[in-house]
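Have a look at the structure below before the remarks.
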Amino acid sequence: MRKTIQRFIAISLVAFAPSSSNAHVGTHPSIHDTVASIAQRFHEQFDESQLKALTLYQIEHLLTAREKEILGTEHITFKVNVPVEIIVIRDRALASEPFWIRDRKFKLSGINYKVGTDEFDLWSKEFETGPIGLGVNSLSGGNIHYVVLIRPKNPNDQVLVTDLYPGQLRVEPITNETLPFVDNTAKLENFPTELSDCLILRTQYDSRDDGKLVNFFQWTQFPATNKPDQVVLTWSDNPQTTQTIQWRTSDEISRGKISYQEKALFNRFQPTPLTTVAAQTEILETPNIANDPSCARHTAKLTGLKPETTYVYAVGDGSKEGWSELSEFTTAPEAIRPFSFIYMGDAQNGLDRWGTLVRNAFRERPDAAFYIMAGDLVNRGNDRDDWDSFFFNAHTIYQQRQLVPAIGNHEDQGGHPRLYLSNFTLPENGPGSIEAERAYSFEYSNALFVILDSNLKPADQAEWLDKTLARSNATWKFAVYHHPAYSSAPARDNTDIRKHWLPLFDKHHLDMALQGHDHAYLRTYPMKGGKAVESPKDGTVYVVSVSGTKMYEQDGRDYMEFGMTNTPTYQVLDIQISGDRLVYRAYDIDGEKRDEIIIEKVAN
């Protein structure tokens, strides 16, 4: 069922770029385009078994001279005003990589550098005044991205670095507080004093996979067909009067439509004419999916709906045989109504087992209005086969109940959550300082939900968070994000989140923070000012949850009121209007209740 090789001709830079800020500019060749071209050639040349078996040695020898030149010189480029020595601090776990260090005759210094359990060696080469280009981190992907030091050959010269590409990289003097990467909070520890006179070129940690060709190709178990699938409901505007619906087909389907009407008795279409809306269709290129390198994604936004109303709908291409099965959605209430929702932490691994959990949750609580997932929906966020498995295992659930997702570090794989943003259309009402749809908010009945992106700098979202919490008169306030403010797993801590977000949670009395990442269940005492308080009316309850099969150990922490390990759960939160009560319960995959807390609002 291999699709034609011509599909690869349409591969674009965007399909590989880890972020929009890293998109190729200027006249020099593009690493991403070159990797796409190599992938196209390999796909033409080898069958599935051969592609799976390609080794690093074979790939290096299959590259043309021009490809090796681009991969070895165009990953990072800049100019210097005086002759310099360039020192590359390289992760020793890369073994013989990257190839260009050997090919360009960099010399191994006698300095070995160690940070924790990570060991690095240093390679140097002298360059004359003018342009300098350095290559990709590796052809295998993974490990730690190299860091670059720059030192003048003549100690009396002052180095000026210009025309630095990619533009988000930075050149700075080395200090005790220097961060080696522009997108990672790791610090230089025990740095060799003999290198303190160098400038450091801070590289991008998440560009370490830019040259990845080893194990590049994946095969999805669920390739797209001409029939709609992966139907998912999200909100991108007012939940009372709008509904956004996304779905997938093969790229042979060039248009999408949705037909809908208010639900009648017995779940039938009424005899009145259906309302039909055209969808926006985009081709999603994923050239590493060898058996399905591109598909069509369709998005329709319905407007002018009635609040608190159930609609039935089908999606398709408008042809007689091209429609999905009938499904339904319900808009949010205009007035304050009691409601329930389901929250889950990381699905990530064992998505078939997670599918059983989410279906059990739906069976036990069909009244739940929507589902929140606090990041790491999948394990490999830039590999489409993982998303295909996610949607397959959530089949029928998210086409009936809205999904409210947050971005986890695994969605951010490669430095940018490209496939996450392609799969879900979300509100664009987040901070102007970050990319749209990565953080957003909405209100449902008497509750405010603020979804944050903890992969990005918490400080960049703090002003918006403050204003969003301040202007809401909602009785209940929830925050959803991935990395916990109060960690569950050993040796993990997210101090920037506590520094920038928790004072705002305290200021505006956030009721609950719904988190993931640590793969062990934890519920804190009500917390305020970094300390446990007596009652939820005085502080915020922080929860860490996991719904998949990947599990971590758990540290006993003084802020933990209840914790457990090796237990996937889903949480049901019931918002009761009478008495303004929140009933929170955690259930395991068999439906056994494992935790419970009741929060009651106290009248002023």
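The values are calculated or read from the model by the stated rules, or taken from the named source; none is laboratory data. Values in this document were obtained by computation on a predicted structure and should not be read as measured data. Note: ideal-geometry Cβ built from the backbone for every residue, glycine included; neighbour counts use all protein chains shown.
Observations
- Evaluating residue 296 against the criteria (1) within 25 Å of residue 386 (Cα to Cα); (2) assigned to a loop (DSSP other than H, G, I, E, B); (3) at pLDDT 90 or above leaves one unmet condition, (2).
- Applying the criterion of being out of contact with any strand residue (DSSP E or B) (no Cβ under 7 Å at 6 or more places or on another chain) and modelled with pLDDT of 85 or more to the residues of segment 161-193, the residue that is surrounded by the most Cβ atoms within 10 Å (Cβ to Cβ) is 166.
- Unmet requirement for residue 237, which otherwise passes all of (1) under 26 Å from the mean Cα position of the chain (by Cα); (2) more than 30 Å from residue 141 (Cβ to Cβ); (3) surrounded by 22 or more Cβ atoms within 10 Å (Cβ to Cβ): (3)
- Selection of segment 240-256 for residues being over 22 Å from residue 445 (Cβ atoms), crowded, with 19+ Cβ neighbours inside 10 Å and not β-branched (Val, Ile, Thr) yields 246, 247, 248, 251, 256.
- Failed condition for residue 558, given (1) modelled with pLDDT under 95; (2) over 31 Å from the mean Cα position of the chain (by Cα): (2)
- Of the residues 163, 210, the single one that is touching a residue at least 24 places away in the same chain (Cβ under 8 Å) and either in contact with a helix residue (DSSP H, G or I) (Cβ under 7 Å, 6 or more places away or on another chain) or assigned to a loop (DSSP other than H, G, I, E, B) (or both) is 210.
- Residue, surrounded by the most Cβ atoms within 10 Å (Cβ to Cβ), within segment 546-563, restricted to residues that are more than 15 Å from residue 492 (Cβ to Cβ) and not hydrophobic (A, V, I, L, M, F, W, C): 547
- Exclusive hit being assigned by TED's automatic domain parsing to the domain that holds residue 538 and free of Cβ contacts under 8 Å to residues at least 12 places away in the same chain, set 477, 467, 457: 467
- Where residue 213 falls short, out of the listed (1) in the same structural domain as residue 312 (by TED's automatic domain parsing); (2) crowded, with 21+ Cβ neighbours inside 10 Å: (1)
- Subset of segment 524-540 that is over 27 Å from the mean Cα position of the chain (by Cα) and part of a strand (DSSP E or B) - its residue that is surrounded by the most Cβ atoms within 10 Å (Cβ to Cβ): 527
- Identity of the residue in segment 218-266, of a type in the set (Phe, Trp, Tyr) and assigned to a loop (DSSP other than H, G, I, E, B), that ends up farthest from residue 379 (Cα to Cα): 235
- For segment 356-395, taking the residues that are among the hydroxyl-bearing types (Ser, Thr, Tyr) and touching a residue at least 60 places away in the same chain (Cβ under 8 Å), the one that is surrounded by the fewest Cβ atoms within 10 Å (Cβ to Cβ) is identified as 356.
- Complete set of residues in segment 168-197 that are over 19 Å from residue 151 (Cβ atoms) and of a type in the set (A, V, I, L, M, F, W, C): 179, 181, 182, 186
- The set of residues in segment 510-565 being of a type in the set (A, V, I, L, M) and touching a helix residue (DSSP H, G or I) at 6+ places or on another chain (Cβ under 9 Å) consists of 510, 513, 527.
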